[in-house]
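Below is one structure, written out as structure tokens, with a few remarks after it.
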Amino acid sequence: MTDDAMIVLKDLSKAYKVGPSTVRAVDSVDLEIPRGQLVSIVGHSGSGKTTLLSLMGGLTKPSSGRVIIDGTNIWTLADKEMSTLRNEKIGFSFQFASLLPTLSSLDNVRLPSTFGSRNGSGDIGRAAGLLKLVGLEDRMYSYPGQLSGGEQRRVALARTLMNEPKLILADEPTGDLDEDTEADILEIFKRINSEGITIIIATHSRAVASQTQRALRMNRGHLAEDAD
Ligand code: ADP
Ligand code: MG
């Protein structure tokens with residue numbers, strides 16, 4: 001394991017018992033992702049992508065194996081330390097992560113900091129800057145219901161960035177978007193990545209995968225470097 005690894009997975013498995021059968025959603029995965037890499041995980045529906053991302057983020061407990069984030073074997077931590085690590089280091093961008101309908105874009109983006117250590121007007125400035133980063137400086141006072149699907153995704157992405165994560169886990173971030181909007185979202189991910197943040201994107205889209213530095217392929221719970 002190299003010191004500059006953002007995340008390391010060692011012989012990681014997750015099996016679900018469903019009735020009489022066992023589904024090996026993630027099966028003996030070994031992986032090392034260096035800091036600052038932009039990685040895609042491609043695979044068909046049901047191949048285990050979402051399970052793998054939730055294992056990476058400590059949202060799902062492995063059946064066996066280890067998840068090491070920034071040098072810490074996360075399942076050796078107490079609950080409180082685990083949630084601190086999650087809050088401080090990981091940004092989740094999951095497909096159906098929704099915005100609060102009664103808050104403006106600006107307040108939705110500020111929301112994570114109200115649970116965190118930041119406070120006051122500095123937050124407003126930071127949230128506004130993040131909305132600018134995702135190209136929505138002119139939608140700061142819009143409510144989610146007044147935004148398109150792609151714009152809502154961008155607000156959610158800005159919210160993910162609010163606590164300055166080192167690692168972003170994105171599950172199908174362009175899942176239901178048209179090609180142009182997909183390209184916009186990818187550009188934003190690249191911009192965020194260029195600031196040194198490690199990003200892992202699960203996707204069934206080859207077009208998305210072709211734009212990342214490194215593509216991994218998931219097939220029936222197994223993970224391998226993508227050949228093409
Ligand atoms: P993907 O994101 O690639 O579509 P998932 O990780 O969602 O794949 O699912 C991988 C496999 O694990 C599927 O066969 C799915 O049915 C199964 N699975 C996922 N979550 C659960 C669960 N909570 N209980 C039982 N089976 C599950
Ligand atoms: Mg999925």
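The values are calculated or read from the model by the stated rules, or taken from the named source; none is laboratory data. These figures come from a predicted structure and were not determined experimentally. Neighbour counts are summed over all protein chains in view; Cβ atoms, including those assigned to glycine, are modelled from backbone coordinates with ideal geometry. Side chains are part of the model used for accessible areas, which takes the heavy atoms of the whole protein and leaves out ligands, DNA and RNA. Shrake-Rupley method; radii C 1.70, N 1.55, O 1.52, S 1.80 Å.
Summary table
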{"quantity": "G116 vs. criteria at pLDDT 95 or above and farther than 24 Å from R191 by Cα", "calculated": "no"}
{"quantity": "Index of the failed condition, L38 passing every other in (1) within 16 Å of ligand 2 (Cβ to nearest atom); (2) of a type in the set (A, V, I, L, M); (3) touching a Phe, Trp or Tyr at 6+ places or on another chain (Cβ under 9 Å)", "calculated": "(1)"}
{"quantity": "Residue among V39, V29, V67 that is in contact with an Asp or Glu (Cβ under 8 Å, 6 or more places away or on another chain), touching a residue at least 12 places away in the same chain (Cβ under 8 Å) and open to solvent by less than 10 Å² (accessible area, probe 1.4 Å)", "calculated": "V29"}
{"quantity": "Pair list, Cβ under 9 Å, 6 or more apart: segment 45-57 residue over 20 Å from D70 (Cα atoms), other residue within 8 Å of ligand 2 (Cβ to nearest atom) and assigned to a loop (DSSP other than H, G, I, E, B)", "calculated": "K49/E172; T50/Q95; T50/E172"}
{"quantity": "Filtered residues of segment 190-213 (kept if within 16 Å of ligand 1 (Cβ to nearest atom) and of a type in the set (A, V, I, L, M, F, W, C))", "calculated": "I200, I201, A202, V208, A209"}
{"quantity": "Options T181, T174, T160; residue that is closer than 24 Å to D107 by Cβ, of a type in the set (V, I, T) and either open to solvent by 40 Å² or more (accessible area, probe 1.4 Å) or touching a helix residue (DSSP H, G or I) at 6+ places or on another chain (Cβ under 6 Å) (or both)", "calculated": "T181"}
{"quantity": "Filter result (among the β-branched types (V, I, T) and within 18 Å of D11 (Cα to Cα)) within segment 34-84", "calculated": "I41, T50, T51, T60, V67, I68, I69, T72, I74, T76"}
{"quantity": "Elements of type strands (runs of 3 or more DSSP E) in segment 143-220, at least 3 residues being over 30 Å from R24 (Cα atoms) and in contact (Cβ under 8 Å) with a residue 12 or more places away in the chain", "calculated": "none"}
{"quantity": "Qualifying residue in segment 45-61 (condition: part of a strand (DSSP E or B), in contact with a helix residue (DSSP H, G or I) (Cβ under 7 Å, 6 or more places away or on another chain) and within 16 Å of ligand 2 (Cβ to nearest atom))", "calculated": "no"}
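Residues are listed down the side, and each one gets a yes or a no for (1) on the phi < 0 side of the Ramachandran plot; (2) in contact with a strand residue (DSSP E or B) (Cβ under 9 Å, 6 or more places away or on another chain):
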residue	(1), (2)
D11	no, yes
Y16	yes, yes
E32	yes, yes
S40	yes, yes
L52	yes, yes
R66	yes, yes
G71	no, yes
I74	yes, yes
D79	yes, no
